1. Let me confirm something: among V80, V49, which residue is touching a Leu at 6+ places or on another chain (Cβ under 9 Å) and touching a residue at least 60 places away in the same chain (Cβ under 8 Å)?
2. Residue by residue through the stretch 77-100, note down the ones that are surrounded by fewer than 24 Cβ atoms within 10 Å (Cβ to Cβ) and part of a helix (DSSP H, G or I).
3. Only one of (1) under 16 Å from the mean Cα position of the chain (by Cα); (2) assigned to a helix (DSSP H, G or I); (3) without any contact (Cβ under 8 Å) to a residue 60 or more places away in the chain fails for A21. Which number is that?
Amino acid sequence: MLPIFVINLDRSEARWRVVTASAEKSGLTATRVPGFDGAAVAPADWQEVDPERFNTCHGRRMLPGEYGCYRGHLAALDRVIAEGAPLAIICEDDITLNARLIARAEALARAARPFDAIKLINHRVQGFVQKGVSEEGDAYGRCLHGPQGSAACYLVTLEGAKRLRAGLSPMWLPYDVALERGWAFGANVLTVRDPLVAFSGLRAQSNINTDAASTYDSAKPPIAKRWPTAAFRGADYAKRVAYALKRI
C-alpha cells in the first residue's frame with residue numbers, strides 16, 4: 001500500500017492519537033516521522049538555513065517553530081528517499097485520513113505523471129487553472145493566486161522527493177510557501193481543487209507560534225524596511241502566474 005508518513009512532535013501526543021485513529025478507522029497505516037522542535041535549538045545552531053534571506057524575502061525573522069516545521073518535512077523527504085518509495089504521502093499531524101485517500105491519490109498519480117508533488121489540501125484555492133482530472137474525479141492543476149498556505153498533506157514521487165530535498169535547502173521561506181514554488185527549483189508541483197483529506201479539530205493549536213514572544217507581528221521589521229520584501233513578492237507573483245499558465 002502507498003506509504004503515509006506523518007510528521008509528529010514528541011510532545012504532540014494528542015495529535016498523533018487523532019491521526020492514527022483516523023488511519024485505523026480507514027484501514028490505513030500511518031508511519032510516524034519524528035518532528036523537530038525548533039525552540040529546543042539555539043538559532044545560532046540552526047542548520048540548512050539562510051536567516052538574512054528569509055528576513056529580506058519574507059519580511060520578518062524566522063520563528064523557531066517554522067524552522068522546526070521545515071526540518072520535519074526535510075526529514076520526511078529523507079525517509080521517502082531512504083526507503084526508495086516510488087510514491088508516498090507526507091502529512092502533518094493536524095489532518096485526518098479517510099478510506100478513499102489511497103485510491104484517489106493513486107488515480108491522481110496515474111493521471112498527472114510525470115509530476116514531483118501534488119498538494120492534497122490547501123487553506124485557499126484561488127485562480128485555479130485545471131490541468132486534468134483523475135479517474136476518481138479529482139481535478140488537479142495550479143493556482144494563479146498564492147501562496148495557498150499549508151503543507152499539511154501532499155503526494156510525492158521518489159524523484160520528486162529528491163528534487164524537493166535538493167531544491168528546498170537551505171531554508172529561506174516557510175516550508176508551505178517554498179513547496180509551491182516549483183518554478184524556482186525545476187519541479188512539477190501541482191495541487192488539487194478539492195481536498196482529499198480534512199483538518200482535524202486540533203489544527204487551531206499551532207505548533208509554530210507557541211508563545212507571545214514569537215508572534216508573527218513581533219518578528220516583523222518596521223514598515224519602512226520592508227520594501228525588499230514587496231519587490232520579491234511582486235516578482236514572485238508574476239512567476240507564479242506564468243507557472244500556473246504553463247502547459248504540462
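1. Working: V49 fails: touching a Leu at 6+ places or on another chain (Cβ under 9 Å).
That would be V80, the only listed residue that is touching a Leu at 6+ places or on another chain (Cβ under 9 Å) and touching a residue at least 60 places away in the same chain (Cβ under 8 Å).
2. Within the stretch 77-100, D78, R79, I81, A82, E83 qualify.
3. A21 satisfies all of (1) under 16 Å from the mean Cα position of the chain (by Cα); (2) assigned to a helix (DSSP H, G or I); (3) without any contact (Cβ under 8 Å) to a residue 60 or more places away in the chain except (1).
Yes/no matrix, rows are residues, columns are (1) modelled with pLDDT of 95 or more; (2) more than 30 Å from A231 (Cβ to Cβ):
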{"position": "M1", "(1), (2)": "no, yes"}
{"position": "E48", "(1), (2)": "yes, no"}
{"position": "H73", "(1), (2)": "yes, no"}
{"position": "V80", "(1), (2)": "yes, yes"}
{"position": "E83", "(1), (2)": "yes, yes"}
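The values are calculated or read from the model by the stated rules, or taken from the named source; none is laboratory data. Just so you know, these numbers come straight off a predicted model, no measurement behind them. Virtual Cβ from ideal backbone geometry, glycine too; neighbours counted across all protein chains shown.
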